[in-house]
Amino acid sequence: MDCPSAPSAGVTVACAFAAVFQPDRRGNQIEVCMVAMVYILRESAAADPSRMQWLTAAHNEQLWRAATAIFDHPEAPHTLESLAEIAQMSRSSFAEHFKQAFGRGPIDLLKQARLQRAAGLLISSELSIKSITRDVGYGSRSYFSRAFHEHFGLSPADYRETYRQEAVG
């Protein structure tokens, strides 16, 4: 298969399988995943290069430790100071390098990680909005609801109702 430089999602998968499932390479599932990942990353970078900024942080162990703390435990009471400490950097240096690598500040990324986790819980669980608020690291339901509405354009309750209906119907 002749693969274009910026394939669509369907072509991406087809190119990955065509590249790997040649008679002499059949059955290597890890290679299938790696090739598919390369095609997907290329497509994503071609569509919007700013979406790939986080890759620059992957090689920086200090920034990656802080990012991992955010993604693994968004519910933790992270602050700029605590994340800079995890990265073993000064606060100002950490904030500057983090923003260069991720295209946003660490607290903005933390807010996004919390809201994304909350969105997932709203759809996939029966937890109350109050419980989700607490579980994703917000101390106030009203602050959480305002932030959620700003980010998604819907209240948490409306988001749950809308996307649960889409999942079912």
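Among what's in the stretch 109-132 and is charged (D, E, K, R) and more than 30 Å from A95 (Cα to Cα), pick the residue that is surrounded by the most Cβ atoms within 10 Å (Cβ to Cβ). Even if it seems obvious, please write down each step before you answer.
Taking the stretch 109-132 first, the residues charged (D, E, K, R) are 111, 114, 117, 126, 130.
Keeping just the survivors that are more than 30 Å from A95 (Cα to Cα) gives 126, 130.
On the way: E126: 6, K130: 10.
So, considering only residues that are charged (D, E, K, R) and more than 30 Å from A95 (Cα to Cα), the one surrounded by the most Cβ atoms within 10 Å (Cβ to Cβ) is K130.
What number of residues in the stretch 123-155 are over 17 Å from E75 (Cα atoms) and outside any loop (DSSP other than H, G, I, E, B)?
Number of matching residues: 7.
Between D135, D158, which is surrounded by 14 or more Cβ atoms within 10 Å (Cβ to Cβ), among the acidic types (D, E), closer than 30 Å to N60 by Cα and out of contact with any strand residue (DSSP E or B) (no Cβ under 6 Å at 6 or more places or on another chain)? Give the derivation first.
Working: D158 fails: closer than 30 Å to N60 by Cα.
After applying the criteria, what remains is D135.
Would a scan of the stretch 143-152 turn up a residue that is among the aliphatic types (A, V, I, L, M), at pLDDT 95 or above and crowded, with 16+ Cβ neighbours inside 10 Å?
From the stretch 143-152, those among the aliphatic types (A, V, I, L, M) are 147; that's our starting set.
Going one step further and asking which of them are at pLDDT 95 or above, we end up with 147.
Then keep just the ones that are crowded, with 16+ Cβ neighbours inside 10 Å; that gives 147.
Yes - at least one qualifying residue is present in the stretch 143-152.
The values are calculated or read from the model by the stated rules, or taken from the named source; none is laboratory data. What you are looking at is a predicted structure, and each value in this text was computed from that prediction instead of being measured. Methodologically, a virtual Cβ is constructed for each residue, glycine included, from the backbone with ideal geometry; neighbour enumeration extends over all protein chains shown.
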